[in-house]
Amino acid sequence: MILTGDDGLNVAFKPVEKHPGFPRNALVYNADTDEWTVLDNVPFSRATAPMVKWHDRFVIPNGEVRPRVRTPEVWSLQLR
């Protein structure tokens, strides 16, 4: 699963201070069918963010919400 990030559509957006932010979607790969699925409306959008496994969750601490703007928010995801 790839959660959000920069799709490059606004790479030359000016002024950068007014950038609309990164897309809120996720890509999910199914190895059995060799297919990708796009999930829309992920509740957050991050680029340049780490993701770590912690207990039964994946945690995304901080990251960029748009170019040069980092957030202190922490999100977690539990896969079932």
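In segment 4-11, the count of residues that are open to solvent by 50 Å² or more (accessible area, probe 1.4 Å), part of a strand (DSSP E or B) and either free of Cβ contacts under 8 Å to residues at least 60 places away in the same chain or on the phi > 0 side of the Ramachandran plot (or both) is zero. Within segment 12-39, being among the hydrophobic types (A, V, I, L, M, F, W, C) and part of a loop (DSSP other than H, G, I, E, B) holds for 12, 13, 22, 31. Consider segment 25-45 and keep the residues that are of a type outside the set (S, T, N, Q) and out of contact with any strand residue (DSSP E or B) (no Cβ under 6 Å at 6 or more places or on another chain). The one that is most open to solvent (accessible area, probe 1.4 Å) is 32.
Name the one entry in 59, 65, 42 that is of a type in the set (A, V, I, L, M) and not in a strand (DSSP E or B).
42
Applying the condition of being open to solvent by 90 Å² or more (accessible area, probe 1.4 Å) and closer than 30 Å to residue 13 by Cβ to segment 46-72 and asking which residue is modelled with the lowest pLDDT yields 48.
The values are calculated or read from the model by the stated rules, or taken from the named source; none is laboratory data. Nothing here was measured: the structure is a model prediction, and the numbers come from that model. Positions of Cβ are generated from backbone atoms using ideal geometry, with glycine treated the same way; all protein chains shown enter the neighbour counts. Accessible surface areas use protein heavy atoms only, side chains included; no ligands, DNA or RNA. Shrake-Rupley method; radii C 1.70, N 1.55, O 1.52, S 1.80 Å.
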